[in-house]
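Trainee: Here you go, one structure.
The values are calculated or read from the model by the stated rules, or taken from the named source; none is laboratory data. What you are looking at is a predicted structure, and each value in this text was computed from that prediction instead of being measured. No Cβ is skipped: glycine too gets one built from the backbone with ideal geometry, and neighbour counts run over all protein chains shown.
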Amino acid sequence: MRPFRRQKPLSREQSLASVPLRNEAIKAERTDTGDVRLLIPRRETWWVRTLSRFFYVPTNHKITLDEIGSFVWDQCDGKTNVRQIIQALCKHYKLHRKEAEVSVVAYLRTLAKKRLIGIAVLKKQDKS
Amino acid sequence: MEGYEQWSRLGWQGICMDVPATWCPGRLEGDYANGYLRVEDEEAVCLEVRWETAGRRVPPASKLVDKYLKQLRKKTRRSSRDADVVRDMAIRRLNHLDHEAFTWNGEFAAHSVLAVCSETHRVVHVRVFFQEGKTRKSLARKIFGSLTTAPDDGQTEWSAFGFAFRLPSAWRLEESGLRTGCLRFLFADDNDQLEVVRFSLAGMLLRATPFTRWFRETFRKALKKYRFDLTTTEYRDCPAVRCEGVMRSMARPLGLFRRKKRLTALVWHDAATDKIHVVRLVTTTVDDPQLEAVAASITSD
């Protein structure tokens, strides 16, 4: 039986080259102000189903992203990598590269923790 | 030079040098006496600076290099690879400092310069890292040649993340906040205080709030102790707010024993760079010109 192996942490280069992808189960709509509102379907666990018989439990949980969050969400199209998102943010909002990098990386980490996005990491090419 | 066409100035705790524009500080520790600064590009750590205050008698740079190399060899003794060291390199533009430049190529590879500043009694060690086989000698020499370790004409230059300003060297950094969207520096000189702040994303900050009200709310704590007036004006062709105030006090015998602290502040919104700059001075001096001098020296990308 193979021993359980911890994944090696990503290098900075790998992190910046990785591509964020939106969770397809989540729907996104625009508010009147142009911000993105995410509609997250509720989990269909047994206790949610039981509760919903007695109480009103919304079918969707809504999260409204702010202007910058909406901008980053729009960039997560499965083709744009993290480095390109940082560059786009710098250009659009006239931020310093480090400012944009710190906030984008933290924000993508939060979205990934909440399972709103996935991160595709490019494998290193075999030397052979 | 190695594709570095644009350069920017990096200045921290009185140590300044030119670095490629794509490099920016990653870690800042310590104070004026002892500290550490790390500079990175998108991929790796490129440069490190360490400084410490020497005692009364500072040994020459060559002896300090001897000591440093001895310590480094002890640390890397277990490594299978012997390090190549090239010494006795001088940087012409650093002739005003006692210095020695050397290259260490072992477990890590770096071009280094160790400089002793007799004016500030500090020893400064700068390392430019390179990958094996891809030496950055000319880049390192340019960086080392631009190094300054002492105030210029009594003024210290502070420059990081595209934000630069100069102020008299008597001011010491008390606090700094380097967060996304807000770079904040708080300096102290005896009982006086000087705060320099740059806010990014100014358009977003001021979208729903008028400029004057934004200043009042953002600096509510700092303004609490003062009776102040705000006047809208222009500064550098940008909308600006000037604040002048005096510390609130209980009944006091007409300031005989203690001068009241005065608050002056200048805030301006530069739409071209989408930034708001704030300079706030607390001092007992009436009509102190330092605020205007610091504000005039500010440059921001």
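Trainee: Scan (1) within 14 Å of chain B (Cβ to nearest Cβ); (2) of a type outside the set (Val, Ile, Thr); (3) surrounded by fewer than 16 Cβ atoms within 10 Å (Cβ to Cβ) for the single condition A:LYS113 breaks and write down its number.
Mentor: Of everything listed in (1) within 14 Å of chain B (Cβ to nearest Cβ); (2) of a type outside the set (Val, Ile, Thr); (3) surrounded by fewer than 16 Cβ atoms within 10 Å (Cβ to Cβ), A:LYS113 misses just condition (1).
Trainee: Out of all the residues in the stretch B:27-44, which are facing chain A (nearest Cβ under 10 Å) and either aliphatic (A, V, I, L, M) or closer than 23 Å to B:ALA150 by Cα (or both)? It would help to see each step written out before you state the result.
Mentor: Here is the first cut: in the stretch B:27-44, the residues facing chain A (nearest Cβ under 10 Å) are B:40-44.
B:ALA44, the sole residue that qualifies.
Trainee: Next question. Of the residues that make up the stretch B:201-219, is at least one of a type outside the set (D, E, K, R), more than 14 Å from every other protein chain (Cβ to nearest Cβ), in contact with a strand residue (DSSP E or B) (Cβ under 7 Å, 6 or more places away or on another chain) and closer than 30 Å to B:ARG92 by Cβ?
Mentor: no
Trainee: Next question, about the same structure. Of all residues in the stretch A:80-110, how many are within 8 Å of chain B (Cβ to nearest Cβ) and more than 23 Å from B:GLY203 (Cβ to Cβ)?
Mentor: Selection size over the stretch A:80-110: 1.
Trainee: Among the residues of the stretch B:285-301, what is the count of those that are in a loop (DSSP other than H, G, I, E, B), touching a strand residue (DSSP E or B) at 6+ places or on another chain (Cβ under 7 Å) and modelled with pLDDT under 95?
Mentor: 2
Trainee: What about B:HIS96, is it under 17 Å from B:SER146 (Cβ atoms), at pLDDT 85 or above and more than 14 Å from every other protein chain (Cβ to nearest Cβ)?
Mentor: So B:HIS96 does not fit the description; no.
Trainee: Test each condition in (1) hydroxyl-bearing (Ser, Thr, Tyr); (2) away from chain A (no Cβ under 14 Å); (3) closer than 30 Å to B:PHE161 by Cβ for B:SER62 and report the one that comes out false.
Mentor: All conditions pass for B:SER62, except number (3).
Trainee: Also: Given the conditions (1) out of contact with any strand residue (DSSP E or B) (no Cβ under 6 Å at 6 or more places or on another chain); (2) at pLDDT 90 or above, which single one is not true for B:ALA109?
Mentor: B:ALA109 satisfies all of (1) out of contact with any strand residue (DSSP E or B) (no Cβ under 6 Å at 6 or more places or on another chain); (2) at pLDDT 90 or above except (2).
Trainee: Sticking with this structure for a sec: Got at least one residue in the stretch A:53-62 being over 15 Å from A:ALA112 (Cβ atoms) and touching a helix residue (DSSP H, G or I) at 6+ places or on another chain (Cβ under 6 Å)?
Mentor: Yes: one or more hits.
Trainee: Another one. Looking at the stretch A:18-43, which of the residues that are under 18 Å from A:GLN75 (Cα atoms), more than 15 Å from the chain's Cα centre (by Cα) and not acidic (Asp, Glu) is surrounded by the fewest Cβ atoms within 10 Å (Cβ to Cβ)?
Mentor: Out of the qualifying residues, it is A:GLY34.
Trainee: In this structure, does A:ILE40 turn out to be touching a Leu at 6+ places or on another chain (Cβ under 6 Å) and more than 14 Å from every other protein chain (Cβ to nearest Cβ)?
Mentor: no
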